[in-house]
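Report on the structure given below.
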Amino acid sequence: MTSIDPTPAVRDTQLPLARIRQGKIRDVYEVDADRLLLVATDRVSAFDVVMREPVPHKGAVLTQLTAWWLARMGDHVDHHLLSADANAIVAAVPVLAPHHALLVGRAMLVRRTTVYPVECVIRGFLSGSAWKEYQAGKQVGGQRLAAGLRESDRLDPAMFTPATKADHGHDENISVARMADLIGAAVTQKLERLTRLVYERGRALAAPQGILIADTKLEFGHVGGQVLLIDEVLTPDSSRFWPADDYTPGRGQASFDKQPLRDYLDAERQAGRWNGDAPAPPLPPAVVSATSARYLDAYQRLTGAPLAAAVGGPVSV
Ligand SMILES: Nc1ncnc2c1ncn2[C@@H]1O[C@H](COP(=O)(O)OP(=O)(O)OP(=O)(O)O)[C@@H](O)[C@H]1O
Ligand SMILES: [Mg+2]
C-alpha cells in the first residue's frame, strides 16, 4: 500500500460519478448498474442533527471497521463489500484516480442492491428507546418482557426489534409481524436469522477486547435473488459499545462513541444556547478532537491494531 499524507477531515465530497444520495454520513455514488461507491465522510450527527465540524478520521474508522468485521463474517453471511482499499478501488474505477487521497480509508466499492426498507435492530441489553418502551408498558416492539428489569440489564436471548427507515426524524419501531407484512414472512425470517448471526459473532469477537456490544442496527438488500448484508456493520454509529469493565446494570452506561459530543450539546441546551434543531452550535476544537480520539480508540480496541495500519499512513488527532 502506498503511504499517504493524512487528508484533512472531509465534510463534503465531489467525485466524477453520479451522486445518487447523500445520507447523514455517507455520500453514495453510482459506479455502474451493479456497483456503488460509498464514501463515509467525517460528518458527525447527534440528536439527529449533523454538525458543521467534521471529525478527523471518523469516516475511515467506520469504513475500516466495517471491512474488518465483514472479513470475519464472510463464510456465514453474504455481503456487499467488494473493496475498502483505495488502491484497488482506483484500479477498478480509473476515473477516481485523481481522488485517491480523498478515498483512502473511507471509501467502499460495493455491490448495488435494492434495499429492504427495514432497519434490523438487535438488542442484547435493555437500553435507549427499548428501555423507554419497557418503562412505559413492560414490552419492547410488541414483545412482552419480564417485570422488574433494570436499565442496561442483559436480554437473553437477544431481542430482534426492527424499525422502519424514516426519511426524516426518528425511525419507528415496528413488530416482527408488521415487518413480515412489509417485506414478506420468509424474508423476515431470513433477515432475523442473519441479524442474530452477525450480532452473536460480533459480540463473541468483541468480548475478549473488553467491549460489550449492547445493540446494533443492520441493513440488508437484495440483488438477483440473493440477500446481502449492506451498509456499515458493527460500527460506533450503528451500535452501542460499552466498556465491559465499567458495566453496571441499573443505570445508563458510558457509551464508547460520541459521548463527549452529546455531553457538550446537552450542556448547550441546558444553558439555553441551543434549541435542539439544526443548525447545531459550533463545536469547540477540544470536543472535536475528543470525539475523534474516541472513534480511533474504538477501532483499536476492537481490532487490536491502530487505524494507521489499515490506511497505510500516519493518523493524528
Ligand atoms: N449495497 C448497497 N446497495 C444499495 N444501497 C446501499 C448499499 N449499502 C448502503 N446503502 C445505502 O446507502 C446509504 C448510506 O448512507 P448513510 O448511512 O449516511 O445514510 P442514512 O442511512 O440515510 O442515514 P443514517 O445512517 O445517519 O440514518 C443508506 O441509505 C443505505 O441504505
Ligand atoms: Mg445509515
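Values as computed for the structure displayed
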{"read-out": "DSSP-assigned coil residues among chymotrypsin sites (Phe, Trp or Tyr not before Pro) in region 47-98, each with at most 15 further Cβ atoms within 10 Å", "value": "47"}
{"read-out": "Gain upon complete extension [residue 259, residue 18; 0.36 nm per residue less C-alpha separation]", "value": "83.3 nm"}
{"read-out": "Signed unit charges on C-beta, dipole axis of region 1-151, positive-most listed residue 97, 29, 131", "value": "131"}
{"read-out": "Rounded FRET efficiency, nearest 0.05, which uses the C-beta distance separating residue 146 from residue 207 and R0 of 25 Å", "value": "0.55"}
{"read-out": "Of the trypsin sites (Lys or Arg not before Pro) in region 207-251, those whose Cβ has at most 15 other Cβ within 10 Å and which sit in DSSP loop", "value": "251"}
{"read-out": "With 10 Å bins from 0: P(r) over region 1-112, alpha-carbon pairs, percent", "value": "14, 47, 33, 6"}
{"read-out": "Over region 184-317, equivalent-ellipsoid semi-axes from the Cα gyration tensor in Å", "value": "30, 20, 17"}
{"read-out": "Cα-based radius of gyration of region 179-261 once divided by 2.2 N^0.38 Å, which approximates compact folds", "value": "1.29"}
{"read-out": "Surface/4 of the Cα convex hull for region 83-131, nm²", "value": "5.7 nm²"}
{"read-out": "With eigenvalues of the C-alpha gyration tensor scaled by 5 and rooted, region 51-177, Å", "value": "37, 17, 15"}
{"read-out": "Computed [θ] at 222 nm, helices only, for the chain once each DSSP H run of length n ≥ 4 contributes -39500 (n - 2.57)", "value": "-9500 deg cm²/dmol"}
{"read-out": "Rg and Dmax [Cα atoms of region 114-173; Å; Rg one decimal, Dmax integer]", "value": "12.2, 42"}
{"read-out": "Summed residue charge, Cβ within 14 Å of residue 198's Cβ, Lys/Arg positive, Asp/Glu negative", "value": "-1"}
{"read-out": "For 61, 31, order by how many other beta-carbon atoms lie within 10 Å, fewest first", "value": "31, 61"}
{"read-out": "Hull-based mean projected area of region 116-246, where the convex hull spans the alpha carbons, in square nanometres", "value": "8.5 nm²"}
{"read-out": "Extent along principal axes [Cα atoms of the chain; Å; largest to smallest]", "value": "59, 52, 38"}
{"read-out": "Distance from region 113-129 to region 242-317 (C-alpha centre basis), Å", "value": "22 Å"}
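All of the numbers you see were taken from the coordinates with simple rules; none came from a lab. In this text the structure is predicted, and so the values were computed from the model without any measurement. Positions of Cβ are generated from backbone atoms using ideal geometry, with glycine treated the same way; all protein chains shown enter the neighbour counts.
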